[in-house]
Amino acid sequence: MQQIETPAEHELTVEVLNAEQLKLAASILYMAYHDDPLFMQIFRFEQADYDKRLRSAIREDLAAFWDAGQPILGLMHGEQLLGVACLTTPSSALSGDRFWHWRLKMLLTAGLLSTRQMLEKEQKIHAAIPAERYHMLAFLARNPAYHQPAAMRTFLQAIDHWVDLEPESEGIGVFVTLDKYLPLFHQDDYQKVCTLEFQTVSGTLLFRPKQPAS
């Protein structure tokens, strides 16, 4: 992937992605989560066609977000997509056993075991969130061709501001499996809720209560 020229922070914007941008968004998410230990476990990294199963799952997840009208946000420099974030809203059906269309597609592309583990992961995370109505940051990824990780804090702050403006939301949660990413969230008022374990993989569940408008 060709390296992207580093823009100044004031040149960055956050926008809702359109349908034409979803293919690139899927590619960015695939590269970002390829080595995530939880995804490696769920989609059986040690077996053949791991890449295919992961690509299919990410593609189906994005399609589910799009079809359900959930926010798929992009960190933009002009028309260049530098980062991707996917959120679920308080009224979303993208949790538990309710989203049957997504579940059926996952069964066909990722297999029964992976689908069951994904659903168990989602149910366990949602059960531990200390709120009734909240957003969830399902994906957050930086384009690997864009070498300015600090801009992800600007992206995260914009996401949090989005949540703060939502009257129905009590805040936003995120599940982090790699400790190196925890400082990014701690810098923005995310608090640890608990540690969750999924077979051989553990991670930290964080929650940021909605902040009052300044």
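Does residue 31 meet the test of being within 27 Å of residue 147 (Cα to Cα), part of a strand (DSSP E or B) and not aromatic (Phe, Trp, Tyr)? No: the conditions fail for residue 31.
If we keep just the residues of region 60-91 that are of a type in the set (D, E, K, R) and free of Cβ contacts under 8 Å to residues at least 40 places away in the same chain, which is surrounded by the fewest Cβ atoms within 10 Å (Cβ to Cβ)? Out of the qualifying residues, it is 79. If you go through region 151-187 and pick out every residue that is in contact with a Phe, Trp or Tyr (Cβ under 7 Å, 6 or more places away or on another chain) and of a type in the set (S, T, N, Q), you end up with 1. The set of residues from region 103-125 being crowded, with 17+ Cβ neighbours inside 10 Å and at pLDDT 75 or above comprises 121, 122, 125. Farther than 20 Å from residue 162 by Cβ and open to solvent by less than 50 Å² (accessible area, probe 1.4 Å): does that describe residue 54? Criteria met by residue 54. In this structure, residue 47 does satisfy being open to solvent by 40 Å² or more (accessible area, probe 1.4 Å), of a type in the set (S, T, N, Q) and free of Cβ contacts under 8 Å to residues at least 60 places away in the same chain. In region 25-42, the qualifying residues are those that are of a type in the set (Gly, Ala, Ser) and touching a helix residue (DSSP H, G or I) at 6+ places or on another chain (Cβ under 8 Å), and the one that is nearest to residue 57 (Cα to Cα) is 26. Entry remark, region 174-214: residues being at pLDDT 95 or above, farther than 22 Å from residue 150 by Cβ and crowded, with 16+ Cβ neighbours inside 10 Å number 4 in total. Looking across region 13-28, just one residue is touching a residue at least 24 places away in the same chain (Cβ under 8 Å), open to solvent by 60 Å² or more (accessible area, probe 1.4 Å) and either assigned to a helix (DSSP H, G or I) or touching a Ser or Thr at 6+ places or on another chain (Cβ under 7 Å) (or both), and that is 24. Report whether or not residue 163 is open to solvent by less than 100 Å² (accessible area, probe 1.4 Å) and over 17 Å from the mean Cα position of the chain (by Cα). It is false that residue 163 is open to solvent by less than 100 Å² (accessible area, probe 1.4 Å) and over 17 Å from the mean Cα position of the chain (by Cα).
The values are calculated or read from the model by the stated rules, or taken from the named source; none is laboratory data. Just so it is clear, the model here is predicted, and its values are computed rather than measured. Here the Cβ is made from the backbone with ideal geometry for all residues, glycine too, and neighbour counts use every protein chain on show. The protein model used for the area step is the full one, side chains on, heavy atoms only, and it has no ligands, DNA or RNA in it. Shrake-Rupley method; radii C 1.70, N 1.55, O 1.52, S 1.80 Å.
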